[in-house]
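**Q** Below you'll find the structure I mean.
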Amino acid sequence: MLKFILRIFFQNVFDLEIFRSHYFKNGYMGYRWVLTAYMYRNVLRLAPTHRFPIGNQTFVSNFDNIDFCLDDLNNFQSPGCYFQCFEGQIKIGKGTYIGPNVGLITSNHDPTELKGHRPPQHINIGKNCWIGMNSIILPGVTLADNTIVGAGSVVTKSSLSPGRTIFGNPAKQSLNP
């Protein structure tokens with residue numbers, strides 16, 4: 001009964017699609033995220049509102065430019081994450097985990113004109129990837145399925161071989177596949 005009441009109340013705030021996620025079907029985790037996001041973003045006005053519940057310490061510049069599976073709503077609850085996609089697209093494959101303080105950036109500043117930006121480049125993250133804490137994914141990067149990005153890595157180039165581990169600054173593929 002409580003789930004039904006919460007769903008009816010929040011259907012005017014969030015997209016109804018989110019209630020199909022397993023976080024809403026199997027327990028109350030999704031409802032906790034909805035309540036927290038609603039209080040932080042809609043009532044207290046401490047951050048911009050969105051169609052989906054986003055953690056109070058997560059920044060998403062343009063939620064319309066992110067493509068993800070609803071069962072991976074947990075990636076937007078991780079503290080300190082930064083999804084910069086004003087114009088560029090970010091695609092996150094199903095089953096991918098994104099750790100705290102991760103930055104996904106689709107456009108860098110233009111070094112000749114710091115007030116301007118270079119043209120955006122899309123970011124594509126494959127299925128079942130793991131992006132470690134404090135990592136940065138830069139514009140134009142594509143990660144193959146099952147890629148692991150080590151904590152603190154700066155990914156400047158794509159990793160197109162599935163099942164690889166990359167790490168470092170700049171990130172390089174591990175010697176052992």
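**Q** Out of curiosity, is LYS127 in contact with a helix residue (DSSP H, G or I) (Cβ under 7 Å, 6 or more places away or on another chain) and either at pLDDT 95 or above or assigned to a loop (DSSP other than H, G, I, E, B) (or both)?
**A** When the stated conditions are applied, LYS127 does not pass them.
**Q** Would you check which residues across segment 6-59 are within 17 Å of ASP72 (Cβ to Cβ) and β-branched (Val, Ile, Thr) and list them?
**A** The answer is ILE18, VAL34, ILE54, THR58.
**Q** Is it the case, given these coordinates, that LYS115 is modelled with pLDDT of 95 or more and not acidic (Asp, Glu)?
**A** Judged against the criteria, LYS115 is not a match.
**Q** Would you check which residues across segment 145-163 are at pLDDT 95 or above and either touching a Ser or Thr at 6+ places or on another chain (Cβ under 6 Å) or of a type in the set (Ser, Thr, Tyr) (or both) and list them?
**A** Matches in segment 145-163: THR147, ILE148, VAL149, SER153, THR156, SER158.
**Q** In addition: Return yes or no: is GLY93 of a type in the set (Gly, Ala, Ser) and modelled with pLDDT of 95 or more?
**A** yes
**Q** List pairs: first in segment 143-156 and within 14 Å of CYS129 (Cα to Cα), second β-branched (Val, Ile, Thr) and not in a strand (DSSP E or B), Cβ under 8 Å, 6+ apart or cross-chain?
**A** VAL155/VAL141
**Q** Right, here's the next one. Please enumerate the residues belonging to segment 91-112 that are in contact with a Phe, Trp or Tyr (Cβ under 9 Å, 6 or more places away or on another chain) and assigned to a loop (DSSP other than H, G, I, E, B).
**A** Answer for segment 91-112, where residues must be in contact with a Phe, Trp or Tyr (Cβ under 9 Å, 6 or more places away or on another chain) and assigned to a loop (DSSP other than H, G, I, E, B): GLY93, LYS94, THR96, GLY99, ASN101, VAL102, THR106, SER107.
**Q** Failed condition for HIS122, given (1) farther than 18 Å from CYS69 by Cα; (2) assigned by TED's automatic domain parsing to the domain that holds ILE66; (3) touching a strand residue (DSSP E or B) at 6+ places or on another chain (Cβ under 9 Å); (4) not hydrophobic (A, V, I, L, M, F, W, C), with all others met?
**A** (1)
**Q** Quick check, is LYS115 loosely packed, with under 15 Cβ neighbours inside 10 Å and either among the β-branched types (Val, Ile, Thr) or assigned to a strand (DSSP E or B) (or both)?
**A** Taking the combined requirement at face value, the residue satisfies it.
**Q** Against the definition (surrounded by 18 or more Cβ atoms within 10 Å (Cβ to Cβ) and either over 30 Å from PHE19 (Cβ atoms) or touching a Pro at 6+ places or on another chain (Cβ under 8 Å) (or both)), how does LEU73 come out, yes or no?
**A** Yes; evaluated as a whole, the condition is true for this residue.
**Q** While we're looking at this one, here's another question. Just to be sure I understand, how many residues within segment 137-153 are in a loop (DSSP other than H, G, I, E, B) and touching a Cys at 6+ places or on another chain (Cβ under 9 Å)?
**A** 4
**Q** Give the residue that is nearest to PRO53 (Cα to Cα), with candidates limited to residues of segment 91-112 that are surrounded by fewer than 16 Cβ atoms within 10 Å (Cβ to Cβ) and more than 13 Å from the chain's Cα centre (by Cα).
**A** Here the answer is ASN108.
**Q** Quick check on GLY88: is it crowded, with 20+ Cβ neighbours inside 10 Å and part of a loop (DSSP other than H, G, I, E, B)?
**A** Here the answer is yes, as GLY88 does meet what is asked.
**Q** Being part of a loop (DSSP other than H, G, I, E, B), more than 24 Å from ILE125 (Cα to Cα) and of a type in the set (A, V, I, L, M): is that true of LEU46 here?
**A** Judged against the criteria, LEU46 is a match.
The values are calculated or read from the model by the stated rules, or taken from the named source; none is laboratory data. Predicted model only: the values in this text are computed from it and were never measured. Using ideal geometry, Cβ is built from the backbone for each residue, glycine included, and neighbour counts are taken over all protein chains shown.
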